[in-house]
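*Asks:* Dropping the structure in here first, questions after.
The values are calculated or read from the model by the stated rules, or taken from the named source; none is laboratory data. Note that this is a predicted model, so its numbers are computed, not measured. FYI the Cβ positions are ideal-geometry reconstructions off the backbone, even for glycines, and counts take in every protein chain you see. Please note that ligands, DNA and RNA were not included when accessible areas were found on the heavy atoms of the full protein model with its side chains. Shrake-Rupley method; radii C 1.70, N 1.55, O 1.52, S 1.80 Å.
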Amino acid sequence: MQKQLISYKRHRFPPQIIAHAVWLYVRFNLSLREVEEMLLERGIDVSYETIRRWVRKFGPQIARNLRRRQRRPGDIWHLDEVVVVISGRKFWLWRAVDQDGTVLEEILQSRRNKRAAKRLLRSLIKRFGLPKRIVTDKLRSYGAAKRDVAPGLEHRSHKGLNNRAENSHLPFRKRERCMQGFRSPGGLQRFVSIHSPTRNCFSVPSRRRTAMAIRFHRLEAFDIWKTAAGLV
């Protein structure tokens with residue numbers, strides 16, 4: 001599948017600077033003002049509001065290109081949900097990862113029930129087909145949703161088996177604290193749709209833990225990012 005073309009026309013700064021600013025903000029736990037300061041140290045005078053507009057405009061396009069280049073997920077899915085408070089109201093960020101920790105889907109919903117679990121399962125199966133097995137915690141909504149969506153699918157429900165999904169929440173929680181929370185549900189959903197594909201691209205798989213393998217993986221990730229951002 002061809003990558004989506006990204007146009008940087010009518011922007012004062014070169015594409016390399018724009019894409020680098022987006023990468024800094026999405027990849028690391030940095031505020032917009034910290035990215036502004038890092039760019040200024042390199043002689044690039046750009047305001048944090050401009051960086052915000054760059055992330056909002058180009059981030060989703062780059063993320064879509066990264067998802068198209070993402071390898072096929074594993075056949076064991078770990079599903080979990082985490083509570084997020086936005087303007088005093090509780091929401092639930094439903095997440096699915098495979099056995100290697102690759103984030104497959106994230107959906108923000110206002111409920112923690114069967115209907116919400118069915119939406120997550122249907123979205124996953126539509127994109128990736130049926131897995132070999134799903135692993136969840138003891139929330140009964142998963143079992144009820146599985147019986148409706150995929151009755152024959154193997155389902156293991158045990159909190160101790162679901163560490164893969166629970167660990168996947170940690171980078172999001174760190175970023176949430178850095179950003180001092182999210183201002184709107186749409187803003188949160190938009191951010192995780194950019195953050196997770198970028199993290200998938202740069203996270204080193206457990207099977208590539210030697211120094212040489214880690215360096216090679218990062219060089220590959222840089223090439224993938226540049227291609228997704230339309231720089232090559």
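*Asks:* Compute the relative contact order of the chain as a whole-number percentage, counting only Cα pairs closer than 8 Å that sit 6 or more residues apart in sequence.
*Replies:* After rounding, I find 22 percent.
*Asks:* May I ask for the distance between the Cα centers of the range 95-135 and the range 1-43, given as a whole number of Å?
*Replies:* Value for the Cα centre distance between the two parts: 31 Å.
*Asks:* Roughly to the nearest percent, how much of the accessible area of the range 55-214 is carbon and sulfur, given a 1.4 Å probe? All intermediate terms of the calculation are to be shown ahead of the outcome.
*Replies:* On the way: 3920 of 8250 Å².
On the range 55-214, the fraction of accessible area on carbon and sulfur atoms equals 47 percent.
*Asks:* Sticking to Cα atoms, compute the Rg of the chain to one decimal and its Dmax as the biggest Cα-Cα distance, whole number, in Å.
*Replies:* Over the chain's Cα set, Rg and Dmax evaluate to 18.7, 59 Å.
*Asks:* Mind checking which aspartates and glutamates have their C-alpha under 13 Å from Lys126, skipping anything on the same chain fewer than 8 residues away?
*Replies:* Hits, sequence-local ones excluded: Glu105.
*Asks:* Quick one: among Gly129, Gly143, Gly88, which has the greatest mean-square fluctuation in a GNM of the chain with alpha-carbon springs under 10 angstrom?
*Replies:* Gly88
*Asks:* Once both labels are modelled 7 Å past Cα along the beta-carbon direction, what's the His155-Lys57 spacing in nm?
*Replies:* About 4.6 nm separates the two model spin labels.
*Asks:* With no solvent and one point on each alpha carbon, what is the Debye value of log10 I(q)/I(0) for the range 76-183 at q = 0.24 Å⁻¹?
*Replies:* For the range 76-183, the Cα-only Debye profile gives -1.42.
*Asks:* Let me ask you something else. Lys/Arg Cβ at +1, Asp/Glu Cβ at -1, dipole of the range 1-152 taken about the Cα centre: which of Ala117, Ile76, Trp54 is farthest positive-ward?
*Replies:* Ala117
*Asks:* Still on this model: Calculate, for the chain, the solvent-accessible area per residue in square angstrom, rolling a 1.4 angstrom probe over the heavy atoms of the protein chains.
*Replies:* Numbers: 13100 Å² over 232 residues.
With the other protein chains kept in place, the chain gives 56 Å² per residue.
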